[in-house]
Amino acid sequence: MPIRRTLAGLLLASLATGPALAQEVTLGTYACEADRTVSIRNQERSEPISGAEDPLAPTFRILLAPADPADSFMTCIAASNADSDALVDFCQETDAPFFTATLADRDEPGFATFFAGDRRIALGGRVTFQNGPSMLDIHPARGVFRYTLFYSEPQVFDDGLAFDYVTEQGRCRKAD
């Protein structure tokens, strides 16, 4: 019986602390490494081609921070990423917190900062940041976490505009 009680106590303790320990992605700076990149690239006069390629930035940093309250236009756009499907004007009807994920040490064609109107980042939960059609999805884990970055790059051709779509996956660890 004492062994059962001890095991039951350990199980309850692990359940009580487990999720909090598993969710370590909070505000701060993270050093990241891209593992793989897959793209769909448009060609001038042919069908798009897809396949694996070398990541644009094999190493870079992600800075997670509270959004600047003066940047109301972009933080309002981020409200579409909130926990609920309810339509709420987050700029006028709430004082919900907004957060940014800024990519540093990499040169992206159309973005550098993503926005999220999601309280879970302050608690370390999974969050999807957005900037127009581009997204950064952070998957929390202990120590090293995974990310998925999806973005589109415009291509201008003689017969019009097309977009290349890139999906990148990698891992990050706390840097500060």
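Quickly run through region 147-161 and pick out the residues that are surrounded by 17 or more Cβ atoms within 10 Å (Cβ to Cβ) and not acidic (Asp, Glu).
Restricting attention to region 147-161, the residues satisfying the condition of being surrounded by 17 or more Cβ atoms within 10 Å (Cβ to Cβ) are 147, 149, 151-153.
Residues satisfying the conditions are 147, 149, 151, 152.
Just to verify a result, which residue in region 38-54, among those that are more than 26 Å from the chain's Cα centre (by Cα) and not in a strand (DSSP E or B), is surrounded by the fewest Cβ atoms within 10 Å (Cβ to Cβ)?
45
Only residues that are of a type in the set (Phe, Trp, Tyr) and free of Cβ contacts under 8 Å to residues at least 40 places away in the same chain: list them for region 115-165, please. Show your work before the answer.
The initial filter retains those residues of region 115-165 that are of a type in the set (Phe, Trp, Tyr), namely 115, 129, 145, 147, 150-151, 157, 163, 165.
Correct list: 150 only.
Mind listing just one residue for me: the one in region 141-167 that is of a type in the set (Asp, Glu) and in a strand (DSSP E or B) and, of those, modelled with the lowest pLDDT?
Residues of region 141-167 that are of a type in the set (Asp, Glu), as a first pass: 153, 158-159, 164.
Next, from what is left, pick out any that are in a strand (DSSP E or B): 153, 164.
Values: 153: 82, 164: 89.
This residue is 153.
Looking at region 162-176 only, could you name the residues that are closer than 18 Å to residue 31 by Cα and open to solvent by less than 50 Å² (accessible area, probe 1.4 Å)?
168, 170, 172, listed by residue number.
The values are calculated or read from the model by the stated rules, or taken from the named source; none is laboratory data. What you see is a predicted model; the values in this text were computed from it and never measured. Methodologically, a virtual Cβ is constructed for each residue, glycine included, from the backbone with ideal geometry; neighbour enumeration extends over all protein chains shown. Side chains included, ligands, DNA and RNA excluded: accessible areas come from the protein's heavy atoms. Shrake-Rupley method; radii C 1.70, N 1.55, O 1.52, S 1.80 Å.
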